[in-house]
Amino acid sequence: MTENIWAEVQGMRRRAVVILIAAVMLSGLPQRGVGALPATVKLGAVIPLTGRFAGGGGQVRAGYEFAVVDVNARGGVRVGDRQIPLELVVLDDESDPTKTVSRLETLVAQQGVAAYLGGFGSDLHAAAAAVAEKNRIPYCGVAFALHAIHQQGFKFLFSPFIKSPDIAIGTYRFLNASVPSEQRPRSVAIFAERTDWGRELARLWTTRSAEFGYRVVVAEEYSVGARDFSDIILRAKAAGAEAVFSVPTPPDGLAIIRQMKELDFSPKAIVMIRAADAVSWTQALGKDGDYVVLAPGWHHAFTYPGVAEINAKHQQRFGRPADVLVGPSYACVQIVVNAIERAGSLDPVAIRDAMATTDLQTVEGPVRFRSDGTGIVPFVLVQWQGGVQQLVWPQGAGATAFQYPAPPWRGR
Amino acid sequence: MTGRRAWLLIALGLGVLAALPLLSTGSVLTWGFQVLLYVALAQSWNVLGGFGGQVSLGHAAFFGLGAVVTRMMWLSGHPLGVALSAGMVAATVAGVLIGAPTLRLRGPYFAIGTLAVAEILRITVSNVFPEVSTLSAPALASYALAPRYLLALMAAALSTLVAWMLTQTRFGYGLAVVRDDEAVAEAVGVNAFRHKLAVFVLSSALAGLTGGVFGYYHVSFYPQFAFSPLWTFDALLITFFGGTGTVWGPPLAAAVYLLFREVLALRLVELHVLVFGILFVLVVLAFPGGLLAAWRALSAGRVRQTHRS
């Protein structure tokens, strides 16, 4: 008797699981509209919302969402003589480039997107750009400074974001403009991540240093996810480095700062691009995260049209002005929508051609593209000051003074 | 089902799958490719873990070696056949080199040993080849999915054929005894170590071939990601999901697993990993013998009901 009841319970449990699986799968089947133009214009974004880049990915997503809401508030996208609502389809790639690629394929297969929007981090973008090229769908990516991928001859890749060559020059120009000659941190240590972007920027910082009056005294590579950075930190300390330049992932950046403090290595200037972009930086490091400079491509203090509205929305949703990657992400949607409207069609190739001739005032300033898809955009540097990201470059346009030199760790 | 009918059905199924590039759009083909890749990968793990009873956590090493060697040779201008063979040979040689010492270990020690070797390889590859491997713009312009799909079908069919042969051959019977009890196997004259090493190398070669297909398929990837432990765990999960040591469990499970994962990713965005994990645990609890066992139990239940009525 008991066995019968148990068998029945087992059977019910199995049926319940089967029904649950079937419901989940059926709910995911694509729903396609009928007619020449679809009910919505779909933009497909594959973003790291979990994993090592989750912090930056969250900012990128917020920018896309705000922009889509704003476009729809004014009636949607004008395609020929029709206004069509914009629809954002977001997928998480778990910060894994292999999944970035497969999810981009899923977006085309399941959703029929008109354009791709990128995620966060150069390695994910590098993997994604080739998929866009293969599928002949325009790709707009920010939070992506790797220049090498633009030298492959890709036609569908657009990035209204500062690239490594401009960062290398911009860093030195900024230091020369912001710090009196006799106080400049002339000896530079580069902690180069052993990735394509880490190597690219390390090479550019090194080759451009002399013409601006700097000398790279240490340029050491480390592996992504390394636990112990003491070797390279001690080499920089022994060489008397006054500035540290690096492009670590957020977990590596936090570890580097903590170990610099433990080893009492206090450079006058720390430029830590990417790792310091997310708000989690100050949450994890507190005052040790201050004085660090980052190049996020945008800042909420900008005075371009639309920035104040984004800040208000961000304040309402997250309790603070817009994070640094929200603006460039928002601009990406502006650029794609503008291209669709000028193309007058949802044909991806026509949208691509229109994007190539972009000349648009966006929330990150006026944007045009070079023939390799890199954006001609303002170079921005931001510094963590008292747990807040402050714009320090370009001077004027809402910028505050660069806090220099960074005090020793013990003096904070 | 008679043997003849079964073969007829298999031939028909293979024929339909081989004709898919002629019948369907790129979207179906992409999904089909992924399923077949996972069938081949899971089956290659099943040969070792399911039929051989050796739970290896280092399977990604052989997949990765196959992927990287094949891709490098192919991109440097060698014919695809040569590149795929080289990838398979590299994985086979690695199988001998890694299998010989690690198979002296048993149970969890073997599992941890293989995982450690795979991680060492992954870290080494990420240090030596840190840059993305992307197809050039002209190569992307002429990229065709159909040959990749057919290669994946070939790899899936070959690995499934190998699994089936383990149920039919003397070597397979010997392996089953080793899996169930090594001491008994030695007592009845089966050389346990040789059987384990042979199946380890066979499994590595199949994983290398599957990796090679992946290397040929992907438009861009970082070499170290082909060595990610996820390739091991996906293969292992699919095998357990379908039924370890069965011929048709992994192919069935690969289709369900991928459909499940992609649909969840599409619907639940960042929550999909969590929900996928929970649902997976529920499925394993409900069907402890795997999907194939559940299917057989349901069929048997239907037969009993028919007899009663």
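The values are calculated or read from the model by the stated rules, or taken from the named source; none is laboratory data. Keep in mind the model is a prediction, meaning the values are calculated, not measured. Here the Cβ is made from the backbone with ideal geometry for all residues, glycine too, and neighbour counts use every protein chain on show.
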Being under 20 Å from the mean Cα position of the chain (by Cα) and without any contact (Cβ under 8 Å) to a residue 12 or more places away in the chain is the filter here, so list the residues in the range B:68-88 that pass it.
B:S85
Can you pull out every residue in the range A:223-248 that is surrounded by fewer than 22 Cβ atoms within 10 Å (Cβ to Cβ) and within 14 Å of chain B (Cβ to nearest Cβ)?
A:S223, A:V224, A:G225, A:A226, A:R227, A:D228
Yes or no: the range A:179-189 includes at least one residue that is under 25 Å from A:D359 (Cβ atoms), out of contact with any Lys or Arg (no Cβ under 8 Å at 6 or more places or on another chain) and of a type in the set (K, R).
no
For the range B:32-53, which positions are over 8 Å from the mean Cα position of the chain (by Cα), over 21 Å from A:E105 (Cα atoms) and part of a helix (DSSP H, G or I)?
B:V47, B:L48, B:G49, B:G50, B:F51
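If a residue counts only when it is more than 14 Å from every other protein chain (Cβ to nearest Cβ), which helices (runs of 4 or more DSSP H) contained entirely in the range B:120-182 have at least 2 such residues?
So the answer is B:145-166, B:170-180.
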Result of the Cβ filter at 6 Å on the range B:215-230, keeping first residues that are facing chain A (nearest Cβ under 10 Å) and partners that are aliphatic (A, V, I, L, M) and surrounded by fewer than 23 Cβ atoms within 10 Å (Cβ to Cβ), at least 6 apart or interchain, is B:V219/B:L135; B:Q224/B:V125
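Considering only the range A:223-254, state which residues are of a type in the set (S, T, Y) and either in contact with a Leu (Cβ under 7 Å, 6 or more places away or on another chain) or closer than 20 Å to A:G56 by Cβ (or both). Give the derivation first.
Of all residues in the range A:223-254, those of a type in the set (S, T, Y) come to A:223, A:230, A:246, A:249.
Within the range A:223-254, A:S230, A:S246, A:T249 qualify.
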Some residue of the range A:197-209 being of a type in the set (D, E), assigned to a loop (DSSP other than H, G, I, E, B) and either more than 16 Å from A:A269 (Cα to Cα) or in the same structural domain as A:F120 (by TED's automatic domain parsing) (or both):
no
Suppose we filter A:P48, A:P85 for residues that are more than 9 Å from every other protein chain (Cβ to nearest Cβ) and surrounded by fewer than 19 Cβ atoms within 10 Å (Cβ to Cβ); which single one remains?
A:P85
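Could you identify the single residue in A:D231, A:D196, A:D252 that is in contact (Cβ under 8 Å) with a residue 60 or more places away in the chain and of a type outside the set (S, T, N, Q)? Even if it seems obvious, please write down each step before you answer.
On the way: A:D231 fails: in contact (Cβ under 8 Å) with a residue 60 or more places away in the chain; A:D252 fails: in contact (Cβ under 8 Å) with a residue 60 or more places away in the chain.
Only one candidate passes the filter, namely A:D196.
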Failed item in (1) touching a helix residue (DSSP H, G or I) at 6+ places or on another chain (Cβ under 8 Å); (2) within 14 Å of chain A (Cβ to nearest Cβ), with B:G277 passing the rest:
(1)
Residue by residue through the range A:205-238, note down the ones that are in contact with a Ser or Thr (Cβ under 7 Å, 6 or more places away or on another chain) and either more than 23 Å from A:A143 (Cβ to Cβ) or among the charged types (D, E, K, R) (or both).
A:R215, A:V216, A:V217, A:A219
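For B:T30, indicate whether it is within 14 Å of chain A (Cβ to nearest Cβ) and on the phi < 0 side of the Ramachandran plot. So that I can check it myself, show each step before the final result.
Details: within 14 Å of chain A (Cβ to nearest Cβ): yes; on the phi < 0 side of the Ramachandran plot: yes.
Against the criterion (within 14 Å of chain A (Cβ to nearest Cβ) and on the phi < 0 side of the Ramachandran plot), B:T30 qualifies.
For the range A:145-177, how many residues are over 25 Å from A:F212 (Cα atoms) and in a loop (DSSP other than H, G, I, E, B)? Step through it out loud before you land on a result.
Step one: filter the range A:145-177 for residues over 25 Å from A:F212 (Cα atoms), giving A:149-160.
Next, only the ones that are in a loop (DSSP other than H, G, I, E, B) stay: A:152-156, A:160.
Number satisfying all stated conditions: 6.
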Considering only residues that are assigned to a loop (DSSP other than H, G, I, E, B) and modelled with pLDDT of 90 or more, look in the range A:121-141 and name the one that is farthest from the chain's Cα centre (by Cα).
A:R136
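Does A:Y214 satisfy being within 28 Å of A:G51 (Cβ to Cβ) and among the aromatic types (F, W, Y)?
Taking the combined requirement at face value, the residue does not satisfy it.
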Okay, strands (runs of 3 or more DSSP E) sitting entirely in the range A:318-411 with 2 or more residues that are touching a helix residue (DSSP H, G or I) at 6+ places or on another chain (Cβ under 8 Å), outside the structural domain of A:A278 (by TED's automatic domain parsing) and under 23 Å from A:V68 (Cβ atoms), I get A:359-362, A:365-369
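Would the range A:67-79 turn up any residue that is at the interface with chain B (Cβ under 9 Å from one of its Cβ atoms), over 25 Å from B:L259 (Cβ atoms), buried (at least 17 other Cβ atoms within 10 Å of the Cβ) and at pLDDT 70 or above?
Here is the first cut: in the range A:67-79, the residues at the interface with chain B (Cβ under 9 Å from one of its Cβ atoms) are none.
Checked against the condition, which is being at the interface with chain B (Cβ under 9 Å from one of its Cβ atoms), over 25 Å from B:L259 (Cβ atoms), buried (at least 17 other Cβ atoms within 10 Å of the Cβ) and at pLDDT 70 or above, the range A:67-79 yields no hits at all.
Take the residues in the range A:338-371 that are among the polar types (S, T, N, Q) and touching a strand residue (DSSP E or B) at 6+ places or on another chain (Cβ under 9 Å), then tell me which one is nearest to A:V326 (Cα to Cα).
Here is the first cut: in the range A:338-371, the ones among the polar types (S, T, N, Q) are A:338, A:345, A:357-358, A:361-362, A:371.
Add one more test, that the residue is touching a strand residue (DSSP E or B) at 6+ places or on another chain (Cβ under 9 Å), and what stays is A:338, A:345, A:357-358, A:361.
Values: A:N338: 18, A:S345: 27, A:T357: 24, A:T358: 20, A:Q361: 16 Å.
So the residue we want is A:Q361.
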Output for the range A:93-113, where each listed residue is among the polar types (S, T, N, Q) and either within 7 Å of chain B (Cβ to nearest Cβ) or closer than 15 Å to B:G32 by Cβ (or both):
A:T98, A:S102, A:T106, A:Q110
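Just checking, which of A:I167, A:I162, A:I149, A:I190 is more than 24 Å from A:G375 (Cβ to Cβ) and surrounded by 20 or more Cβ atoms within 10 Å (Cβ to Cβ)? Break it down stepwise before answering.
Working: A:I167 fails: more than 24 Å from A:G375 (Cβ to Cβ); A:I162 fails: more than 24 Å from A:G375 (Cβ to Cβ); A:I149 fails: more than 24 Å from A:G375 (Cβ to Cβ).
The match here is A:I190.
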